[in-house]
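Below is one structure, written out as structure tokens; the observations come after it.
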Amino acid sequence: MDGTFILLQDYTFQTVALGSALLGMISGVLGSFAVLRKQSLLGDGVSHSALPGVVIAFILLGSKNSEILLLGALISGLLSTLFIITIVRHSRIKFDSALALVMSVFFGLGLVLLTYVQKLPNSNQAGLKRFIFGQASTLLQRDIILMGICGTLLLALVLLFWKEFKLFTFDSDFAHSLGFSPKRLNLLLSFMIVLAIIIGLQTVGVILMSAMLVTPAVAARQWTNKLWVMVTLSAFLGAISGAVGTAASSLVPKLPTGPAIVVCISAILIISVLFAPGRGILHRLYRRRKNRILYKLEGGMPNDPAN
């Protein structure tokens, strides 16, 4: 108990926990729309495609400043998203195939460039690998401020375009008939998802970022059919997972923060899938068994000698 109290007062823990909670909240909100639009894999593709942007930004500017590297990742992620949208729109290639193609090309290019940078005769390139697996312990106050600014901007856009996003997510044809442009809404929402992914790379890395985007939304979807409830619950679950995962990594020696956060939200997902009323597996089995019993009772009544 004393160890937990001391941990809560530690400045480093407060910084990392706040950053992880902000990431979980932002990912939960934007991930809800990605899941409902059946574009859950977009987070995986964009996060992997951001790697070459990080390395190219370092090669061109020779700086490991987080803002510069994340700007390079943002440009690379936006380019990959535009490539995916263009391929799907102007060819017969399906979304999942286009995403896999672009993701593999960008991620392969990123690994090649990273290998090249590591062979340079200086040590300034050390630390770039943290964008692959994440390293939440390196978060600084300025990183939290950047995440807060970007998160506030993204949440403000969600509130501002709530009606449009809701119509576009569930019925794009109806939204188009009302005068809304599905192409522009798709580009805006995709840009917001990309930005949410980029700001989380330093915390969980390109490999686990897709889990942060999708898992809270899928878990929240099991508990409700209302969009605003799902978005709110997804943001809450993401924030709680970020804080709890950070605490677990601080209390358990050599436990990395990013994987701990993902394991935490995955545990919440398993509980939701099993026990959620209506959609939960156990609830469905119970309802099916109850209906089977009622059917047998009703079917046996005409043959009952008492009748």
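Please give the number of the condition ARG37 fails out of (1) without any contact (Cβ under 8 Å) to a residue 24 or more places away in the chain; (2) of a type in the set (Lys, Arg); (3) under 30 Å from VAL244 (Cβ atoms).
Result: ARG37 passes all but (1).
Quick test of your reading of the structure: PRO253 fulfils all but one of (1) modelled with pLDDT of 85 or more; (2) under 30 Å from LEU201 (Cα atoms). Name the failing condition by number.
The one condition PRO253 does not meet is (1).
State all residues of the range 99-122 that are over 26 Å from the mean Cα position of the chain (by Cα) and of a type outside the set (Val, Ile, Thr); if no residue qualifies, say none.
TYR116, GLN118, LYS119, LEU120, PRO121, ASN122
Return yes when PHE133 is among the hydrophobic types (A, V, I, L, M, F, W, C) and at pLDDT 90 or above and no when it is not.
For PHE133, the condition - among the hydrophobic types (A, V, I, L, M, F, W, C) and at pLDDT 90 or above - is not met.
Would you point out which residue out of ALA267, ALA239, ALA276, ALA217 is within 25 Å of LEU167 (Cα to Cα) and not polar (S, T, N, Q)?
Answer to the check: ALA217.
From the residues in the range 260-307 that are more than 18 Å from the chain's Cα centre (by Cα), surrounded by 10 or more Cβ atoms within 10 Å (Cβ to Cβ) and small (Gly, Ala, Ser), which one is modelled with the highest pLDDT?
ALA276
If you go through the range 187-205 one residue at a time, how many are of a type in the set (Phe, Trp, Tyr) and not in a helix (DSSP H, G or I)?
Residues that pass the stated criteria total 0.
Taking the condition of a type in the set (Val, Ile, Thr), over 28 Å from GLY72 (Cα atoms) and assigned to a helix (DSSP H, G or I), does VAL244 pass?
Answer is yes for this residue.
So which residues in the range 83-96 are of a type outside the set (D, E, K, R) and over 20 Å from the mean Cα position of the chain (by Cα)?
Within the range 83-96, PHE83, THR86, ILE87, VAL88, HIS90, SER91, ILE93 qualify.
Tell me, please, whether a residue that is at pLDDT below 85, under 17 Å from the mean Cα position of the chain (by Cα) and at negative phi can be found in the range 151-169.
No; the residues of the range 151-169 include none that is at pLDDT below 85, under 17 Å from the mean Cα position of the chain (by Cα) and at negative phi.
Which of the residues belonging to the range 193-229 are surrounded by fewer than 23 Cβ atoms within 10 Å (Cβ to Cβ) and either farther than 23 Å from ALA260 by Cα or in contact with a Leu (Cβ under 7 Å, 6 or more places away or on another chain) (or both)?
LEU195, VAL218, TRP223, THR224, ASN225, LYS226, LEU227, TRP228, VAL229
Can we say THR169 is in contact with a helix residue (DSSP H, G or I) (Cβ under 6 Å, 6 or more places away or on another chain), among the polar types (S, T, N, Q) and touching a residue at least 24 places away in the same chain (Cβ under 8 Å)?
The answer is yes for THR169.
So, in the range 172-186, how many residues would count as being assigned to a helix (DSSP H, G or I) and free of Cβ contacts under 8 Å to residues at least 24 places away in the same chain?
Within the range 172-186, residues that are assigned to a helix (DSSP H, G or I) and free of Cβ contacts under 8 Å to residues at least 24 places away in the same chain number 9.
Kindly list, by first and then second residue, each pair from a residue in the range 266-277 that is in contact (Cβ under 8 Å) with a residue 12 or more places away in the chain to a residue that is among the small types (Gly, Ala, Ser) and surrounded by 14 or more Cβ atoms within 10 Å (Cβ to Cβ), limited to pairs with Cβ atoms under 6 Å and residues at least 6 apart or on different chains.
Close Cβ pairs (under 6 Å, with a partner that is among the small types (Gly, Ala, Ser) and surrounded by 14 or more Cβ atoms within 10 Å (Cβ to Cβ)) amount to ILE268/ALA219; LEU269/ALA219; SER272/ALA219.
Got a number for residues in the range 230-255 being surrounded by fewer than 20 Cβ atoms within 10 Å (Cβ to Cβ) and among the polar types (S, T, N, Q)?
Here the count works out to 1.
So LEU201 fits all but one of (1) within 19 Å of the chain's Cα centre (by Cα); (2) of a type in the set (A, V, I, L, M); (3) at pLDDT below 85; (4) farther than 18 Å from THR81 by Cβ; what number is the exception?
Exception for LEU201: condition (4).
The values are calculated or read from the model by the stated rules, or taken from the named source; none is laboratory data. Computed from a prediction, not measured in an experiment: that's the story for all the values here. All Cβ positions, glycine included, derive from the backbone under ideal geometry; neighbour counts span all protein chains shown.
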